[in-house]
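**Student:** Sending over a structure as C-alpha cells; questions will come in a sec.
The values are calculated or read from the model by the stated rules, or taken from the named source; none is laboratory data. Computed from a prediction, not measured in an experiment: that's the story for all the values here. All Cβ positions, even for glycine, are placed from backbone atoms using ideal geometry, and neighbour counts span all protein chains on display. Heads up: the accessible areas ignore ligands, DNA and RNA and are worked out on the full protein's heavy atoms, side chains in. Shrake-Rupley method; radii C 1.70, N 1.55, O 1.52, S 1.80 Å.
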Amino acid sequence: MIEKLNPLTMPLNGLHVIEASAGTGKTWTLAALYVRLVLGHGRNGTTDAAALYPPQILVMTFTDAATSELRGRVRERLAQAARYFKDPEASASDADDFLRALRAEFAPEQWPECAHRLDMSAQWMDDAAIFTIHGWSSRMLKTYAFDSASLFQQSRVEDSDKLRLSAVQDYWRKWFYAIPLSQLGALKAVGANPDELLKNLKGLWAATENAPGVVLPATKDPQALIQEWDTWNQRFQILEAAVRTACTPELIAMLDGVIAAKSLKGYLKIWPAKLAEWLQGESIVLLNKKDKESAVTLLNRFASTTLVDKGWAKAVDHPEFGHIATLCLHLQNEPDVATDLLNHAAVNVALAYRSAKDVLAQFDFSDLLQCLYYALQAPDGRLATAIRQQFPIALVDEFQDTDPWQYGALSKIYGESASPETGLIMIGDPKQAIYSFRGADLNTYLKARGQAQAIHTLSGNFRSTHELVTAVNHVFESAQQP
C-alpha cells in the first residue's frame, strides 16, 4: 500500500521507501526524520535509551556536493529545533507545523533536555555519518579490515586504464604474438592491437560489474579457438578458389542474358557485374562495403538453389552455381570464436588487473562496493552485525541511483535484522530509476520497493507556484481524453 508520508508518525525501524518527485521536500523530510532520531522520537519513546547522535545515524547520497549540502541542511534544522524547544515563545515564528507537533509529543519538563540534545547534535555535525556510498564503503572496509579481509592502508588507482592496458598487453604477448599471418582473421572481432582489445573488453566488464553473480562462461583457451577457426578457414580457401575458377567471364555474360530476358524474378542488371568484381580479386570481407551488402548475400543470389527458386530451372545444368551454394553454406557456418576469445580475455585480464592492484595496494571505485558486498556475505554475519551496531539507522538519499551491489550490502545489514532498533529508509524519485547511464538500476529499485514494509509518498510540490501546479494538473487530468 502507498500512503502519504507523515514525517511525525512514520516508523523509524524496518525497511521503508519514500517516493518523491523534484520539489516535494525530500531534503526537508530527511532533516525532519533526523531530528526525530536525535530525540529518540518513535524509538521506544524515551530520549535516553532510544535517542541517537550524529555519528550513529548513517546518511548516504551519491556526490560529495550532495553530502555537503545535506550536512548543512540537517545542521540548520537541528539548530532551529533546539531554539524552539529551548524557548518556544521567542522562536514561535521560526517554527513550522512539524516542530510544533513534535514538541507536543514530549512533556514540558523534557523540553530542556531535548533542546540540549538537539543543540549538541547540531554542533556535532562535523562528525556526522554523512557520506557518499563509495566513501562509506571505503570507511567500512578500513574500520573492519579483519572482518572484510581488507588492507589497512590502500590508495586509489590513479590511472586505471593504464593499469588495465598493461594487463591487456601482457595477455596479447602471451596468446597472440606467435599467431601466423594465415590465422589473423580469427582476431578480426577481437581487435587489431591491445588498445582495440581493451576497448572491446570494457563492455564485457561492465556487464559483470553491474550486479553480483554475473560471470562470463568458461571457454577454451585461445590456441584451441584459433585452431578451430583455422580449420574452417582452410576449407574456405579451397571452396573460394573453386568458385573463382568456375565462374568464367562466359558465365557472367550468360547471367547478364538471363536477367535481361527476365527469366529471373527481381534480379538487377548490376548484380552479375558485382560478382565479376569479386572474381577479379576483391576481398569477400570488403566486397560491397559501400553498399552495406554482405558478400554472403551477393553470392547467395547466384547459388543454384536460389536461381531455381527465382524461376531459372536450367541453373541446375551448370555445376558452377552448385559450387557457389556450397561456399555460401560454409560462410554461414563460420565458427563464432570471437565471443569465446573475448570472454577468455575478459576473465584473464580482469584477474591480472586485480592482482596488479593487490601488489600495489590500490583499489578503484568498483572494488569498494564489491569488496564490501562480498565481505558481508560471510556466513557468520559478523561484519553486518558490527556495522548495524555502529549505525542502527540508515537514511539513503537519491535511492533511485542505487545499483545491485549497494542495495545488496544495505539489505544484508538491515534487511536481515529482526531488531526493532534498526531501520533502512530509502528516499528517491522512482521516475529517475531508469537512468542507467548514471548507475541507476530499475530492477534494484523495484526489488527494494517489493521488500519494503511500507511505501510512503510526498505528493505536494513546494518548488513551483500554485498556478503552475494547477495548470499541469489540468492538462494531465485529461490524459484519458487527449
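**Student:** If ligands, DNA and RNA are left out, what is the accessible area of GLU76 with a 1.4 Å probe, given in Å² to the nearest 10?
**Tutor:** Taking all protein chains as shown, GLU76 has close to 120 Å².
**Student:** May I ask you to order 55-66, 198-209 by the average number of other C-beta atoms within 10 Å around their residues, highest value first?
**Tutor:** On the way: 55-66: 18.3, 198-209: 15.3.
Descending packing order for the listed peptides: 55-66, 198-209.
**Student:** Right, next: Angle between the Cα long axis of helix 319-332 and the longest principal axis of the chain, 0 to 90 degrees, nearest 10?
**Tutor:** Helix 319-332 sits roughly 20 degrees off the main axis of the chain.
**Student:** Based on the Cα gyration tensor of region 1-90, what are the three equivalent ellipsoid semi-axes, each the root of five times an eigenvalue, rounded to whole Å and given largest first? Don't jump to the answer; show the numbers that get you there.
**Tutor:** Numbers: eigenvalues 86, 65, 42 Å².
Three semi-axes, in Å: 21, 18, 15.
**Student:** Measure up LYS142/LYS431; LYS202/LYS274; LYS357/LYS431; LYS202/LYS431; LYS269/LYS314 against 31 Å on the Cα-Cα distance and list the ones that go over. Could you put the intermediate results ahead of the total?
**Tutor:** On the way: LYS142/LYS431 35 Å; LYS202/LYS274 38 Å; LYS357/LYS431 37 Å; LYS202/LYS431 28 Å; LYS269/LYS314 19 Å.
Result: LYS142/LYS431; LYS202/LYS274; LYS357/LYS431 exceed 31 Å.
**Student:** Same structure, new question: Calculate the spin-label point distance for PHE476 paired with GLN377, positioning each point 7 Å from the Cα along the beta-carbon direction, and give it in nanometres.
**Tutor:** 4.0
**Student:** Stretched out fully, how many nm does the piece from ALA79 to ALA241 gain, at 0.36 nm a residue minus the Cα gap? Intermediate values should be presented prior to the final figure.
**Tutor:** Working: separation 162, 0.36 × 162 = 58.32 nm, distance 8.61 nm.
Additional length available on full extension: 49.7 nm.
**Student:** Using a simple spin-label model with points 7 Å from Cα along the Cα→Cβ vector, what separation in nm is obtained for LEU329 and ASP221?
**Tutor:** 3.5
**Student:** From largest accessible area down, sort SER304, SER68; use a 1.4 Å probe on the protein chains.
**Tutor:** These residues rank, largest area first, as SER68, SER304.
**Student:** What percent do you get for the relative contact order of region 1-155 when only Cα pairs under 8 Å and 6+ apart count? Each step should come with its number before you reach the end.
**Tutor:** Details: 160 pairs, mean separation 40.2, N = 155.
Over region 1-155, the number comes to 26 percent.
**Student:** If you don't mind, there's one more thing I want to ask. Can you give the helix-only mean residue ellipticity at 222 nm for the chain, where every DSSP H stretch with n ≥ 4 adds -39500 (n - 2.57) and the sum goes over all residues, rounded to the nearest 500 deg cm²/dmol? All intermediate terms of the calculation are to be shown ahead of the outcome.
**Tutor:** On the way: 21 runs with 255 residues, N = 482.
So the calculated ellipticity at 222 nm is -16500 deg cm²/dmol.
**Student:** Determine the relative contact order of the chain: mean sequence separation of Cα pairs under 8 Å and six or more apart, normalised by residue count, in whole percent.
**Tutor:** Values: 622 pairs, mean separation 143.2, N = 482.
RCO, the chain: 30 percent.
**Student:** Still on this structure: Give the relative contact order (percent, whole number) for region 327-435; include only Cα pairs under 8 Å separated by 6+ residues. The partial results should precede the final answer.
**Tutor:** Working: 67 pairs, mean separation 27.8, N = 109.
Relative contact order comes out at 26 percent.
**Student:** Follow-up. Using a 10 Å cut-off on Cβ atoms, rank the peptides 429-438, 331-340 from the highest mean neighbour count down. Don't skip to the answer; put the middle values down first.
**Tutor:** Numbers: 429-438: 13.8, 331-340: 15.8.
Answer by packing, highest mean first, reads 331-340, 429-438.
**Student:** What's the FRET efficiency of MET1 with ALA66 using the Cβ-Cβ distance as r and R₀ = 45 Å, to the nearest 0.05?
**Tutor:** Given R0 = 45 Å and the Cβ-Cβ separation, E is 0.90.
**Student:** Here is a further query. Rounded to the nearest whole Å³, what is the per residue volume of the convex hull around the Cα atoms of region 206-283? Don't skip to the end; give the middle numbers.
**Tutor:** Values: hull volume 14.7 nm³, N = 78.
In region 206-283, the Cα convex hull volume per residue is 189 Å³.
**Student:** Hey, another quick one. Mind checking the angle between helix 111-123 and the chain's longest principal axis? C-alpha axes, 0 to 90 degrees, to the nearest 10.
**Tutor:** Roughly 40 degrees, rounded to the nearest 10.
**Student:** Once the principal axes of the Cα atoms of region 107-261 are found, what is the range along each, listed largest first in whole angstroms?
**Tutor:** 109, 46, 26
**Student:** Consider all pairwise Cα distances in region 390-482 and report the whole-number % of them above 17 Å.
**Tutor:** Values: 2560 of 4278 pairs.
Here the tail beyond 17 Å accounts for 60 percent of pairs.
**Student:** Another question, if that's okay. Taking the Cα of ASN200, stepping 7 Å toward and past its beta carbon, and measuring to each backbone N in region 318-340: which are under 20 Å?
**Tutor:** Taking a point 7 Å out along Cα→Cβ of ASN200, the residues of region 318-340 whose backbone N falls under 20 Å are 331-340.
**Student:** Can you give the angle from 0 to 90° between the axis of helix 64-86 and the longest principal axis of the chain, with both taken from C-alpha atoms, to the nearest 10?
**Tutor:** 20
**Student:** If you don't mind, another one. According to the Kirkwood expression over distinct Cα-Cα pairs, how big is the hydrodynamic radius of region 309-420, in Å?
**Tutor:** Values: mean 1/r = 0.0503 Å⁻¹.
So the Kirkwood estimate lands at 19.9 Å.
**Student:** Further question on the same structure: Counting heavy atoms of the protein chains only and a 1.4 Å probe, report the per residue accessible area for region 1-145 as a whole number of Å².
**Tutor:** Values: 6260 Å² over 145 residues.
Per residue, region 1-145 has 43 Å² of solvent-accessible surface.
**Student:** Taking the square root of 5 times each eigenvalue of the Cα gyration tensor, what semi-axes in Å does the equivalent ellipsoid of the chain have, largest first?
**Tutor:** Working: eigenvalues 896, 177, 54 Å².
Three semi-axes, in Å: 67, 30, 16.
**Student:** At a 10 angstrom cut-off on C-beta neighbours, averaged per residue, how do the peptides 462-474, 214-226 rank from highest to lowest?
**Tutor:** Working: 462-474: 10.5, 214-226: 14.6.
Highest mean packing first, the order is 214-226, 462-474.
**Student:** Using only Cα atoms, locate the centre of region 107-144 and the centre of region 429-480, then give the distance between them in Å, rounded to an integer.
**Tutor:** After rounding, the separation between the Cα centres reads 29 Å.
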